[in-house]
Amino acid sequence: MTKRKIFYIILGLIIITIIFINKSLISDIISPFIISLIIAYLFNPLVILLQNKGFKRTYSVIFVFLISFFLILMFCLIFIPRIMKDIYVLVENIPMYSTQISNELINLEIRLLNSNMPNGIKQIIYNNIAIVENLIISFLQKS
């Protein structure tokens, strides 16, 4: 590839990244076109390879899309059940994790009480712990 082509590829990726990071710039109507352009750009070399092997372009495109659909289907059939199982295990273990965190915080507080730090620093630490606790509680209440 030439330096100019690499520059345009990198520039295109940067523009696409900026657009997807700032979703307010694109509407629901434009995003399918952008996604289809990306898919067409990514699959074009494979289609050209199949054309060079003697297939017609139409059959090459159909073959590439069938293979892509098959790969996406296999991904969904293999990985999504595993992810769901892991989420289920995580949800089951949340009480245990929260107990462990609570015990660690209690141990931290006991060590803080028994430390030789000045009372002003201890008070600042307690205030910050209270702020973090309130943030966590408000986050969990919203969920």
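The values are calculated or read from the model by the stated rules, or taken from the named source; none is laboratory data. Because the structure is predicted, anything quoted here is derived from the model rather than measured. When we count neighbours, we look across all protein chains shown, and the Cβ atoms used for this are built from the backbone with ideal geometry, even at glycine.
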#### Entry: One residue from LYS122, LYS56 being within 30 Å of GLY12 (Cα to Cα), among the basic types (Lys, Arg) and without any contact (Cβ under 8 Å) to a residue 12 or more places away in the chain
LYS56
### Query
Within region 38-87, which residues are aromatic (Phe, Trp, Tyr) and not in a helix (DSSP H, G or I)?
PHE55
### Query
Based on what the data block shows, is ILE87 modelled with pLDDT of 90 or more and exposed (fewer than 11 other Cβ atoms within 10 Å of the Cβ)?
yes
